[in-house]
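Let me begin by presenting the structure, written as structure tokens, before commenting on it.
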Amino acid sequence: MYRSLRLLVLVVMLLSFLPLNAPALASPPVQTDCEEGVDYVTAGYDAIEADELEKAVDDFNCALEFDDGSTTPLIYLGRGMAYQFLGSDDDAISDFDISLELDPENVWAYILRGISYQYAGNDETAIENFDMALELDGEISTAYTYRGISYQYLGDDETAIENFDMALELDPEDALAYLHRGLSYQYLGDDEWALEDFNVALELDPENPLAYKARGQSLFFLERDAEAIEDFDSALELTGEEGDEEPDLLLGDVYFFRGASYFYNGDYEEAVEDFSYSVEILPEDPWAYALRGESYQELGEEELAQEDFQQSFELSEDDEEFESLLSDATGEDFSDIADDFSGEDSSSDDQGSGEDSVDESSSDDSEEDSSSEEDDSGDDELPADDSDEAPPADAPADDSGGGEGEDTGYNIGKNVFTKLLLQGNGNRRALRERASEGRTSSRGRDRGSLRGTTRSS
């Protein structure tokens, strides 16, 4: 009894010496192979630079086991970096939180925590962290670069470009800043400016698949299809071919735009193949189905074309942004477009009137009656299509609205998407929105690019 009471008093006394505002430090996992006298902090940072990330985590755990308090913030900062490069952003943020509680003036802890928030999709909080870092030190280009990327992900390309400009003033060899500034120029429609930045980015980092994909897109918008296809080929070689266990969203974009390049170049079989890969990775993308449907139609595969147009319409029907884009491109409200091509208006009235309608037209003009009967039968081609010569790839498809058996999706696909995508190469600009939709497909692809940067800070 007495010994228990004395032990309780001793514990209370020890607790009274702890500061009331001390941070709650996480207990490190027990490392059975830790040895005294080893500089585990240095070993952990060396392991990060060597891309031995699991070993780095183990080394920092051992460092915490023998820590005397003098290097605790640096240990949590290093372990947070290792977690970040491993893709464990929640664990990384937790370690950066502790590091900042112990050392609130650590600029790199704010920057790295901001990057982890960015990777996790929380760009607003990421920007707050970059702001705090720049308040402490406004001369670190990395903070401007990543703050620009978060603004870009949020769709604010003008502010993003301002941040990339600041980053490049401080570090003219920042390949990431050139790449993302080029992307913002591309999203704004300035493809010539974008190409200049992509070229520099690839000179500085020639193994970056995102840079090849981005440059390929700008070349596509500039109607330089052969060059675009070469860049998309390079992006695929660097990213990995189809059939990966975990498909990369970047792959879906690359296949789509290479398919679009083939399509506008008249290579419809190659286009079908690429769009097929694209819809496997991005099955909710109405653009890929629409263009694959057009490709099938050019190849004479009407049944497959009908299926793709129907799928594209069903997907776009639930996508308000896509509906708005279609309406802007055609100058009509989406619901009006649906009515126009669904066969429920004038075309359905004509069909409902049956033989009486034919008889009336017969009394007016026998030649028109003859041609209309051929149209209704569905067995003969229209007189305008008697030529064996195929229409050019950029010519708009027949807007007749189709006959019986063609449902709303097919008619809308056949007419609206043709207007949107095939009335000359100028309508490639309609796909710029499709490119902008993929602006976050690069999120987290640059993990590991900061290795070694914090050790000298």
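Observations on the structure shown:
- Under the combined filter of DSSP loop state and at most 16 neighbouring Cβ atoms within 10 Å, the stretch 131-222 retains these GluC sites (Glu not before Pro): Glu139, Glu173, Glu207.
- When each of Phe198, Phe66 is scored by the number of other beta-carbon atoms lying within 10 Å, the sequence from fewest to most is Phe66, Phe198.
- Over the stretch 55-176: Kirkwood hydrodynamic radius from C-alpha pairwise inverse distances, Å: 14.8
- If R0 is taken as 41 Å, the Cβ-Cβ distance between Glu269 and Glu192 corresponds to a FRET efficiency of 0.80.
- Efficiency of FRET between Ser276 and Glu237 - r from beta-carbon atoms, R0 25 angstrom, step 0.05: 0.80
- Remark: the stretch 117-271 carries a charge dipole of roughly 200 debye about the Cα centre, counting +1 on each Lys and Arg Cβ and -1 on each Asp and Glu Cβ.
- Ranked Ile48, Ile111, Ile229, criterion: other C-beta atoms within 10 Å, fewest first: Ile229, Ile48, Ile111
- Percentage of interatomic Cα-Cα distances in the stretch 207-283 larger than 18 Å: 32
Each value in this text was obtained by applying a stated rule to the coordinates, not by laboratory testing. Not measured: the values here are computed from a predicted model. Glycine gets a Cβ as well: all are built from the backbone with ideal geometry, and neighbour counts include every protein chain shown.
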